[in-house]
Structures are given as C-alpha cells and as structure tokens.
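Scroll down for the structure; my scribbles are underneath it.
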C-alpha cells in the first residue's frame, strides 16, 4: 500500500523538478550599440561596444544588453524569439543560436524607452 502512494508522489515531484519556466514569445523591435567598458592600449583607451535590444512581448518591453562585448553577432529587428527569464537575465534562441543577455529595464508595452 505504501508503494502505491509513493509512486504518484514521486511522479509529481519529478514533474516539478523537470518543469522550468516555459518559453514565452517575443519580438526584437530595435537594436543599438552602447559602450560597455574600455580597453587600455599603449596610446589611448578604446571604448568597447555592446549590443542593446528592445524585446517586445504582449505586455512588457524589455531592454536587454550583452554581458560582454565578445560576441558581435547582430540580431536584426523584427526577429521573433522564444525567451525565458531567470532573475536579471533573459535567455533566448534566434536563428538557431542561444543567447543570454542582462535585463536593463522593463516598461509596459508601447511606452517609450531611452
């Protein structure tokens, strides 16, 4: 009898552990390059550029930015994505490549950003 009760409990627990946040749809609506640090050279400092995007969802516009300037892949505007949020990071796939960006700000969809 105890084994019969343990099986449903184990299955329920396994579903809770495996199930993470479900990907949600969004669209990249704009892209800009912003400074995100400097690199010292012998003669002068060089500004490092990071890509910053606005991702529009049904209810929220997220401004996201690269964590490091190492990846210079540009994602074009109007690219649909499926994203998940994890604390202050947005993880998504675009063109079969995975990305992880920092969430800089969020606003109600349709309001202006800076």
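Taken together, the values in this text are just the output of simple stated rules run on the coordinates, not laboratory data. Not measured: the values here are computed from a predicted model. So basically every Cβ, Gly included, is an ideal-geometry build from the backbone, and we count neighbours across all protein chains shown.
Here is how the numbers come out for the structure above:
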quantity: Boolean, residue 52 is surrounded by 11 or more Cβ atoms within 10 Å (Cβ to Cβ) and in contact with a strand residue (DSSP E or B) (Cβ under 8 Å, 6 or more places away or on another chain); calculated: yes
quantity: Residue count, the range 74-108 (criterion: within 16 Å of residue 30 (Cβ to Cβ) and surrounded by fewer than 13 Cβ atoms within 10 Å (Cβ to Cβ)); calculated: 6
quantity: Strands (runs of 3 or more DSSP E) wholly inside the range 18-114 containing at least 3 residues that are more than 15 Å from the chain's Cα centre (by Cα); calculated: 24-40, 45-56
